1. Ignoring ligands, DNA and RNA, what accessible area per residue does region 501-552 give at 1.4 Å, in Å²?
2. Which of rounded, prolate, oblate describes region 215-289, given a ≥ b ≥ c as roots of the alpha-carbon gyration tensor eigenvalues and a/c under 1.5 marking rounded, otherwise prolate only if a/b is larger than b/c?
3. Determine how large the accessible area of Glu109 is when every protein chain is in place; take a 1.4 Å probe and give Å² rounded to the nearest 10.
4. Among all lysine pairs in region 500-629 that are eight or more places apart or on different chains, how many have alpha carbons less than 29 angstrom apart?
5. Per 0.36 nm of contour for each residue apart, how much would the distance between Lys69 and Asn309 grow if the chain were fully extended, relative to their Cα-Cα spacing?
6. Over region 488-577, with every protein chain in place, what whole percent of the accessible area is carbon and sulfur at 1.4 Å, could you tell me?
7. Quick one: dipole size for region 274-398, taken about the Cα centre, charges +1 on Lys/Arg Cβ and -1 on Asp/Glu Cβ, in debye to the nearest 20.
8. Sort the following peptides by mean Cβ neighbour count (other Cβ atoms within 10 Å, averaged over residues), highest first: 424-435, 489-500.
Amino acid sequence: MASDSKLRKYLTVYVHYNGLFAPKPLVYLNSVVVSIANVDFGGMDLKDFKLFIEKLIEGSCDNVYYCTKNEPLAEGIRRIGNDADYYEFIETGYSDEVGLTMNVYIDHENELVLDWADMEVVEDDEGHYSEPDVDDDKESQLSDDIPYEHEADGYIPSLDKTVGDEFLHRVSGISKDKNDELETDEVETNNGDDKPVYPVHNENQKWDKMVPILGMRFSNPMELKNCLTNYAVKNGYNLYYEKNDSHRLLVRCCKDSKNPSCPFRLWASWMSSERSFQIKSLVDDHNCSRVFKLGSIVTYKWIGKHFKNQLLKNPKMSIRKMKAKVSTKFNLIVSVTQCRNARRYALDEIEGSLIEHYGKVWSYGEEIMRTNPGSTVKIDVDVMPDSTTYFSKMYVCFKGVKDGWIAACRRVIGVDGCFLKGICRGQLLAAMGRDANNHIFPIAWAVVAVENKETWKWFLDLLLDDIEMGIGHGLTLISDQHKGLVEAVKERVPAAEHRQCARHIYANFKKRFKGEQYRKLFWAAAASTTQPKFEAEMNYIKTIDPLAYEHLMERDPKSWCRAFFEVDRACDAYENGISESFNSVIDLARKRPLLTMLEEIRIYAMERMYRMLLEGQSWGNLKICPSIRLKISKLKKQQRFWGVIPSGVQKYEVRIGNDGYAVDLNNNTCGCRSWQVSGIPCVHAVAAISYLNRNAEDYVAPWFHTTMFLTCYNHTINPLNGSSMWPEAPYMKPLPPQKRRLPGRPTLKRKKDQSEMESKGKRRHTISKAGSVNRCTICRERGHNRSTCPTRPADVASTSRPKNKKPKKCKKEKGKVEPIQVDPVQADPVDPVQVPAPNVEPIQADPVDPVQVPHVEPVDDPAPHVEPVQVDDPHPNVDVPAQPVATRKRIRKYSERITKIGLRRKVLKKEGSTGHNPMVLE
């Protein structure tokens, strides 16, 4: 608790309750605030504090948070979850920076408040706040109710098949429980001797079970120190080292003068008979109270070892969150510096393990080539001028997979990239095919540092060589709108059909054009199988907003509308759901290190091919695959609404209302083009087939037959040996890839929301125009303003200046004085403001009438030319030429004369002149 000196003044606590936390930005809304200024919170413990708050708010307070008045809520919020947190709350309140004022917030909804705060601000190694990284997984950003055009697998894979491999999971962040059963220390038998036998310390024992025992033996002093740290943290003992070196260790309790009588004492030194560090004497009694600040016995290395696995899973864990986790897990208060050093230490340890991990990349490739001849494994490294080798990228394609795709899969491939989420940063590129049952079929995958044009060209070159498709004749690629991928396809696969995912098109479209009407019209246009239907839907969009029409037409409708798809590909998919499904399946594996992730993907693909083969064999004598049969059965229910009119041999006209389509059963075509694009009879074809009492399954394309499914999965991926048996490769072991630094200076300050600005008293008085579309005041069109209007006349001035363009300042050369314009009305040849000339007597002239100047008397001593005036200057030889009156170009306005008179008056007042001057208004 707080000391007596601190308790002389009470904290002022503002309790916010009956409100609700809301993220982005983190605020506490609609709360009731009560101020408490006469309660001794320093004399309470956590239990008493919660009882007091519950009586105050007349409700429960399971989740209590606090924040100082000087910090924004997202940056300064902390949780009071145990006695250590409450102790820190009191200490913070009595600190000089806070000023005896604290804000307490009650969470009634069990929200993830700290997670929301970490989403808004991210701390760097120095404790500064910056904008958080955004996970660019596209599948998590695309949400729409349009179903995917593929079937989900019937089983959920388990991506933890390599847990038993110690090497692969050394840096995977998965805790091993194989030693959890070793709860006790090892004890040796004396074999009949009279010598006492002392226990041996077990370093694999759980941290909260470690207790020092008299005579216990350790391999070195560090093991004993670690045991004492765990013992002190578990029980809250304030141990300290009185003597500490490589030969001896003396430990006592309560270094401060609060409890000098605590009898605990431990002495340990090396044994004379064996090489063991032993506890020679121990008094394990304590009469001290629990403390939450243990001082130097809790080192940053001890904290880093306990948080190593968590940092592997989340390398960007903030210092604040680590500090909160230490308090929650160990009931302990540590400083921000300790947490910062602990995180740096843990990441350095991980980096050392990663060097060993990446050093086996060549061995992994050799093992694949040994067990799966004919496979393709390409590893690229970056060689520095000093001969240092860094890992760059790696491509894997197994022979069994590519043989299965070539033999029995449609020539449609989805390509996509996704981010790696673990300690190994980069991106995973993958190529997905479709089997006969419309399931995903992984073909190849690669790990690269960044997704750009060059990496996609490299990936596509290797992929096309493996699947033997040349420059893409008869091939269809489906992808998102990544610019590098689009350009790479144009260069490397010019003959292929390139479809773009309609979900990504719509995701960008709805950012500008929101509304349910836009959504329905877009998907109706994308699903149109004929050009007239597509044009009709687009014209409807055009009538609503021409800009929406132009936006979609600029995205090349031939790449996302079925009306323009190539026929005979047996695939009418306009979205890349197969790639997004694969990315979600391997989501857990993407958090693992490089080789661990690749092994999990390989095992998933190998097991899946076997399971799909067993599933296909269980179908019996089915001619077509089950998912296709389900589609045909749905079409049979819909065909009864269509009328069939025979025209000739195997030719029919199918009509309903104003719609009619010509069906040719000999050529497997329909006027709606759906049959030609998908390979499956449409509802019009099914109506014509039913008119003949035939089976519609006989008209399905051979790509969907059960025999094609079995042929595809009849190929296998051969198993690999464990990491300890991988062959050594005769190449230089690569280091982990260099960290990629984005261009520009990193942002340290977080962009604050308007609500946060208002909380500090900075309130705006106009509505925000964020997200609104400008309307030009000249042509009344949207999307631009009058400054950029293409129809703006030349004589109409722009009301705005280009951004980042400042008005030019007049450049003055040193030592030169501009010529003086002599005004016939103002007979002062020298401007008193521009040219200070203290030695020149002003020319006497008649006073100027400030209202009207109809006539000015001539100057007493007119001179046709003004003599040069010598000016005190660093360059004394420069003369000031005078301009004759006859050369004057314009007559100054009355307002200009008044301005100069006013300036002259200010100059004279500043100089303290009291003499009469005709230029000063009387």
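The values are calculated or read from the model by the stated rules, or taken from the named source; none is laboratory data. Note that the structure is a prediction, hence the values are computed from the model and not measured. Cβ coordinates were reconstructed from backbone atoms using ideal geometry, including for glycine residues, and neighbour counts include every protein chain displayed. SASA here: full protein model, heavy atoms, side chains in, ligands and nucleic acids out. Shrake-Rupley method; radii C 1.70, N 1.55, O 1.52, S 1.80 Å.
1. Values: 2480 Å² over 52 residues.
Per residue, region 501-552 has an accessible area of 48 Å².
2. Values: a/c = 2.22, a/b = 1.95, b/c = 1.14.
In terms of gyration-tensor shape, prolate.
3. 110 Å²
4. Value for region 500-629: 17.
5. On the way: separation 240, 0.36 × 240 = 86.40 nm, distance 3.48 nm.
Using 0.36 nm per residue and subtracting the Cα-Cα distance, I get 82.9 nm.
6. Numbers: 1900 of 4000 Å².
Carbon and sulfur: 47 percent of the exposed surface of region 488-577.
7. Details: 21 positive and 12 negative charges, 186 e Å.
Rounded to the nearest 20 debye, it is 900 debye.
8. Numbers: 424-435: 22.9, 489-500: 18.1.
Output ranking for 424-435, 489-500: 424-435, 489-500.
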